[in-house]
Structures are given as C-alpha cells and as structure tokens.
Amino acid sequence: MSPSSDEQRDIHMVVVELHYHSDVIQNLLTILSHARFRVTLLTVPEVLDRVYLPPAVQAKVTTRCKHATQTMREFIAQARPVFASADLVYFNTVRAFWKDLSSATASTLSMVRVHNVHGDLAPIASFYRPMTRLPALASHLIRKSVIGNEYRDRAEFFETVDYLMLPNEPITEYVQSKGFVADQKIAAPVLPFGYLSEPRQHRSGSTRERVTIAITGQVTKKKKDYGLVRKAIERSLQKMDHPLRLVLLGHASDKQASQVVQSFRGLESPMFELVSYQSHVPAPEFEKQMAEVDFLLAPIHIETRYRQYQEIYGKSKMSGLENDLLQARKPCLVTARYRVPEPMEGVVDYFEATPEGLSEALIDWVNNRRYEALADNFDQLSHYQPEKIAARFYDVVQRLVTSG
C-alpha cells in the first residue's frame, strides 16, 4: 500500500552522471519532479549542456557541475558532504572512477542503473567473439585488469552498492535467472528510461500525401540493419501509393555512417526523400522532425557489442526504442526477434528481418495507413505517465530508506 500524503516526506536523492546519457537524465529529473524528491545532480559540462528542462522542473534540482580545472577525483572528494546528506545516491551511469565513488558513498544508501548487464555484471564470461579476437582481448585484459585494476574495482563497486535498478521486468528476470547478483540487491524495476509524453499536434494537411518514417539513434551498422532497410525500400517504392520520406534521426558522422547515408541517397527520386544529420541533433530540431513523422522503424540487431562485450537487446540491454515510443507517441515497425514490454504491444507491429518481410510490412503500413489506428492505443499507456512512475519509484525508495 502506498503511504498517505501525511506519511510522505521529502527524499533527498543525489543523482550522479559523470559520463553521458543526457537524455536519460533529462527524463529522470522530469519524472522525479512529480513526487516528493529533493534532487541534487552531480555531473559534468558535456552532460549538462544537453539536458533541457522546463523551469518548473529545473527549480526542483540543485546542480553541482565539475569545473574544467578539477580532476574527477577532486570533484568526487569535494562532493562527499553532498553524498553524506542524501537519503539515496543514484548512479545513472558508471563507466570509470569505480574506487573513488565506492569510497565516497560507502556509508550512504546507494542504487546504480545497469545499462549493459553483461559488461557490468559478467564481463569475463561475455567477451564479444573471443576466439576471433584473441590479440585484442589479450591487450584489453592487460590494460584493464593487470595495469588498471578495472575489473577488480568494478567488482568491488557492484559489491558495495546496495541496489541495482534494471530497465524493465524481462531484463530483471534474465539477471535473476543467470544469478549475476543476489536477488536481494535487485530493486523492483519501476523506473523506465522514459515516460509517456503529452500528445503532439497533428502535422498540417499539406504534407498528408507524403508518409514520413524515422529511424532514431546514432547511425551505426553495429546496432541497426540499414542494409535490410535499403533493400526493402528499393523493393517497395513502385508499389507504394504515397511518396516516402526517411529521416535518420541521429548523428551520422563517421565513415561507416556516411556509407549508410550514401546508400540511401542512391534511391532518391520523386517517390523517396532522405533526411540525415552529420552531428548531434539538437532537441528543437529533433522535435520538429518528430512532429512530421508518421511512424518509427526499428531494424534492431539483437546481438550487439558494447566495448569488448556481447550484449543482447531485450535480455541484457535495453534498446532506446521503448523511450522513443513513449516520448514520440509514434507507432513502430519492429524486427520480430525483438519484443517490447507487454504494455506496449498495442503500438507496434513486427516484421520478419528479410527484405521481403520488411517490404511487405512497409507497403501495408504506407498504403493502408495502419499506423493511424495504432496511434490511438497510446492513450492506453497510462502506466507510463510520469506522475505514476514517480509515485511507484517513491514508494520503492521510501521502503528502502525506512528499512535502512
């Protein structure tokens, strides 16, 4: 049972993000603003510069940002009084500084968000293609373990931290089934990466004859099968009743990404238009483009690589798809090997990961506007409203704080 408003009190939560994931921090702070959390954010300029908060949310957050002249060790040491004053220290991302963070927060209740289960909790057993990459892995082990002590420091950090927050129930169940950590260290997975946004205004009627689809995230062949998409679109254009506009809504800055962009450029015609970006897409531009999108496309590679480790989307790692669905309120075509959480099933459809399978799905969605019917189902996702997420997380944290 949730505590009554009279029993609730402000919970001081120190949020730590010293690496990246600005979008996750932005969503987290917005969610926390809907419950009685008093938040202190400890971060670095490159994260803070990409966090956009409305004034009402910003007013509830105290920010301490590392100065350019400080070392990270000095910044963490200077924050010890802040850590000591917290009811909960919440690590959104930890990729380094394991020992300093463990020491600084040893006497305070702590929780860490796990983004990459294999890399964080079972690194030695999860090397990516170990038999074909022996020299690279040997070098990695020497640098990280023998010289840098990273494996030892990381293991000690996860031993010291009190609780783990995993992205959703399927990933939580996977971790429990593998026994990567003791069950009592796993908090209830009530804090997703994103929340359900308010409905957007429909785009103007002048663009209704064109259908716009988007693939979100950094353009990289490692995570998404752009070759499959290109082949499927090439097969489909002559059978489509409406011109197609594809937006690659993420930065395409390296050589590999440029090759992806050029492959799509070869299809441009009165029936096909491509939009892409060579650098980070600013939030206003992202919103502008998303307002024109009819549906999303997620050609996800299920087996992926994070640094030297193999990760499996949907089991050991969360795709950004769920957050994009909630924030954009756009239906999505998803590769059949990836399954969204059950509450989101009503806003997606699945395609077989072949040129024929995706082509068939694209033609159906474009010609019959199937996405329009699915868009109405976002109203059924009240479970993901920020105030409801905040209330569930507050209950979890209050119980943990009370139990000591």
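A few comments on the model shown:
- Relative compactness, the chain, computed as alpha-carbon Rg over 2.2 N^0.38 Å: 1.03
- The ranking of C65, C332 from fewest to most other beta carbons within 10 Å of each one's beta carbon is C65, C332.
- If only the Cβ of Lys and Arg carry +1 and only the Cβ of Asp and Glu carry -1, the dipole of the chain around its Cα centre is close to 1180 debye.
- Our note on the geometry: Cα centres of the stretch 364-404 and the stretch 78-99, 28 Å apart.
- Fewest-first ordering of M344, M240 by other beta carbons within 10 Å of each residue's beta carbon gives M240, M344.
- Angle of helix 255-265 to the longest C-alpha principal axis of the chain, folded into 0 to 90 degrees and rounded to 10: 30°.
- Rounded to 5, the percent of DSSP beta bridges in the chain classed as antiparallel: 15 percent
- Taking each DSSP H run with n ≥ 4 as -39500 (n - 2.57) and averaging over every residue of the chain yields -10500 deg cm²/dmol at 222 nm.
- Of L381, L18, L325, the one that fluctuates the most in a GNM where the chain has Cα springs shorter than 10 Å: L381
- Antiparallel DSSP beta bridges within the stretch 272-404, percent to nearest 5: 35 percent
- Flagged links, alpha-carbon separation over 20 Å, of K222/K255; K222/K315; K223/K255; K60/K388; K239/K288: K239/K288
Laboratory data are not the source of any read-out in this text; all were calculated from the coordinates shown. Nothing here was measured: the structure is a model prediction, and the numbers come from that model. Reconstructed Cβ throughout: ideal geometry from the backbone, glycine too, with neighbour counts over all protein chains shown.
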